[in-house]
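The values are calculated or read from the model by the stated rules, or taken from the named source; none is laboratory data. No experiment lies behind these values; they were computed from the predicted model shown. No Cβ is skipped: glycine too gets one built from the backbone with ideal geometry, and neighbour counts run over all protein chains shown. With ligands, DNA and RNA removed, areas are computed over all heavy atoms of the protein, side chains included. Shrake-Rupley method; radii C 1.70, N 1.55, O 1.52, S 1.80 Å.
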Amino acid sequence: MRKWMKDNDILVKILSLLVALLLWFYVMDSQDPSTTKPFYGIEVQYTGLSSLNDAGLIITEGNTATVSIRVTGKRSDMIGFTSTNMKATVDVGSITVPGEYERNYVVSLPNRLTYTQITQKVVFTVDRVTTKSVPLQVTLQGEPAEGYVQGTYELSPEAVVVEGPEQILAQIDHADVVYDLTGASASVNTVLDYTLVNEVGEP
């Protein structure tokens, strides 16, 4: 065996191959070095929303959260690479109660690229979805035509049922309906829009 290896210069060929590989890696590394670039404002996408909704919950703050990272890779892989080539996700499927949460996020990148976090965690608020019956209140503006006076009015329905985050619904006092009487000379049936307002009349 040794004689065969000596006669065929096997050791020399193996050493030559190793040297060639080392030279190739050296050339590749020097000609295509690693580089790092920061990316800001990467929009967070929440996963597990169906489970969150099944629990009667909704994200009320932080649903447009963004994160920032540093991406590292070979210069050839970084050419033309933009934030549109990546996705940051947060899983909310395990949340079952309202509150403010901090969650880790995961960024999906093309092969051979890695990232480090600039933004450490994603902060968002979860609230319970509920319904509320809100009474309607009419605000009359203007004066009827000369010789006419304002009569009585009826509302149908007298209240509206709204659905949304519990904390927001708690701020609603009533639904404001505005009707302009200016120049009115007959009774009318009409459909009016309403605005949900708080105790001081702010929308």
message: Could you check region 179-203 and list, in sequence order, the residues that are among the hydrophobic types (A, V, I, L, M, F, W, C), farther than 30 Å from F124 by Cβ and free of Cβ contacts under 8 Å to residues at least 40 places away in the same chain?
response: A186, V188, V191, L192
- prompt: Do any residues in region 151-165 that are under 19 Å from L196 (Cβ atoms) have Cβ atoms under 8 Å from those of residues that are part of a loop (DSSP other than H, G, I, E, B), where the two are at least six apart or on different chains, and which pairs are they?
  reply: V160/Y194; V162/I172
- request: Would you mind finding the one in E43, E100, E158 that is loosely packed, with under 15 Cβ neighbours inside 10 Å, touching a strand residue (DSSP E or B) at 6+ places or on another chain (Cβ under 8 Å) and at pLDDT 95 or above?
  value: E100
- prompt: In region 131-150, which residues are touching a residue at least 40 places away in the same chain (Cβ under 8 Å) and in contact with a helix residue (DSSP H, G or I) (Cβ under 9 Å, 6 or more places away or on another chain)?
  reply: K132, V134
- request: All but one of (1) modelled with pLDDT under 95; (2) touching a helix residue (DSSP H, G or I) at 6+ places or on another chain (Cβ under 8 Å); (3) not aliphatic (A, V, I, L, M) hold for R128, so report the exception by its number.
  value: (1)
query: From G62, G73, which residue is surrounded by 17 or more Cβ atoms within 10 Å (Cβ to Cβ), touching a residue at least 40 places away in the same chain (Cβ under 8 Å), out of contact with any strand residue (DSSP E or B) (no Cβ under 6 Å at 6 or more places or on another chain) and not hydrophobic (A, V, I, L, M, F, W, C)?
result: G73
task: Could you run through region 59-101 and say how many residues are outside any loop (DSSP other than H, G, I, E, B) and of a type outside the set (A, V, I, L, M)?
output: 20
- prompt: Condition test on A88, is it under 16 Å from the mean Cα position of the chain (by Cα), closer than 20 Å to T36 by Cα, touching a residue at least 40 places away in the same chain (Cβ under 8 Å) and open to solvent by less than 60 Å² (accessible area, probe 1.4 Å)?
  reply: yes
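From the list D180, D176, exactly one residue is under 30 Å from G56 (Cβ atoms) and either surrounded by 11 or more Cβ atoms within 10 Å (Cβ to Cβ) or more than 38 Å from the chain's Cα centre (by Cα) (or both). Which is it?
Working: D180 fails: under 30 Å from G56 (Cβ atoms).
Unique residue meeting the criteria: D176.
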query: Given the conditions (1) hydroxyl-bearing (S, T, Y); (2) part of a loop (DSSP other than H, G, I, E, B); (3) open to solvent by 80 Å² or more (accessible area, probe 1.4 Å), and given that T131 satisfies all but one, which numbered condition is not satisfied?
result: (2)
